[in-house]
């Protein structure tokens, strides 16, 4: 569902000239799979996700989302994805229900289907108690659930989730994790970024570690353990950051 080939994004730096924040990145994400994209701050994770979501234009390389090129066919890509970024960008004067209604109409959902779907996602993410309270009165965790509800409202086959549980308490994070597992079981293609190693180890079928714009490794937990000789994902992650020359050691 997602195919990334030598994707590159270069920014102009007045002091240092052109700088490749994402450099020749390649990977694929399959149907019914959670693919983790891990890396330290500034590694190129969010830039990669924003290119796939058509919010940034690649400098070079190619990316296909459900067979549609992110540069040549951005509108078709947007119809097929749900993108959750670190900034939920919610309207504080609206309630979650009103927010969902607006975004459903922007996605051209029929009114009957939209009304039913709003009820579905509110129930799915346990939002009943605050669905009709203005967003500016909600906690961080509640707002994150609203952002996720907006992301999946039009039932896209592909989800691109950038740190969806960041800053959340354990019960709220669990609600979101359970939804993500359910989405995988339904066959959705999920690209998932997180700083929580335990979360990635639990959720992800395959993991890519990106550092300084380059993919260091891609593989299952078993493959990552075999390559690095480490058992915990946290240890594997640190090992790969220290081993600057290790790239694509286990690509499947």
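The values are calculated or read from the model by the stated rules, or taken from the named source; none is laboratory data. Since the model is a prediction, treat every value here as computed from it, not as a measurement. Here the Cβ is made from the backbone with ideal geometry for all residues, glycine too, and neighbour counts use every protein chain on show.
Applying the criterion of at least 1 residues that are farther than 23 Å from residue 235 by Cα and in contact with a strand residue (DSSP E or B) (Cβ under 7 Å, 6 or more places away or on another chain) to the helices (runs of 4 or more DSSP H) found wholly in the stretch 104-212 leaves 140-152, 170-185. Taking first residues from the stretch 38-57 that are on the phi > 0 side of the Ramachandran plot and modelled with pLDDT of 95 or more and partners that are crowded, with 21+ Cβ neighbours inside 10 Å and outside any helix (DSSP H, G or I), the Cβ contacts under 7 Å between residues at least 6 apart in sequence or on separate chains come to 54/70. Every listed requirement among (1) surrounded by fewer than 17 Cβ atoms within 10 Å (Cβ to Cβ); (2) free of Cβ contacts under 8 Å to residues at least 60 places away in the same chain; (3) closer than 19 Å to residue 168 by Cβ is met by residue 116 save one, (3). Remark: pairs (first residue in the stretch 213-227, in contact (Cβ under 8 Å) with a residue 24 or more places away in the chain and at negative phi; second residue part of a helix (DSSP H, G or I) and buried (at least 17 other Cβ atoms within 10 Å of the Cβ); Cβ separation under 6 Å; 6+ apart in sequence or on different chains) = 216/240; 217/240; 224/236. Test residue 77 against the criterion of being in contact (Cβ under 8 Å) with a residue 12 or more places away in the chain and either under 13 Å from the mean Cα position of the chain (by Cα) or closer than 19 Å to residue 180 by Cβ (or both), and give yes or no. Here the answer is no, as residue 77 does not meet what is asked. In summary, residue 31 fulfils each of the numbered conditions (1) under 21 Å from residue 209 (Cβ atoms); (2) surrounded by fewer than 18 Cβ atoms within 10 Å (Cβ to Cβ); (3) touching a residue at least 60 places away in the same chain (Cβ under 8 Å) with the single exception of condition (1).
Here 190, 180, 176 are screened, and the one residue that is at pLDDT 95 or above and crowded, with 19+ Cβ neighbours inside 10 Å is 190. Quick check, is residue 49 buried (at least 22 other Cβ atoms within 10 Å of the Cβ), over 17 Å from the mean Cα position of the chain (by Cα) and part of a helix (DSSP H, G or I)? So residue 49 does not fit the description; no.
Within the stretch 222-244, the set of residues being in contact with a helix residue (DSSP H, G or I) (Cβ under 8 Å, 6 or more places away or on another chain), surrounded by fewer than 18 Cβ atoms within 10 Å (Cβ to Cβ) and part of a helix (DSSP H, G or I) comprises 225, 234, 235.
Restricting attention to the stretch 25-37, the residues that are assigned to a strand (DSSP E or B) and either at pLDDT below 95 or touching a helix residue (DSSP H, G or I) at 6+ places or on another chain (Cβ under 8 Å) (or both) total 5.
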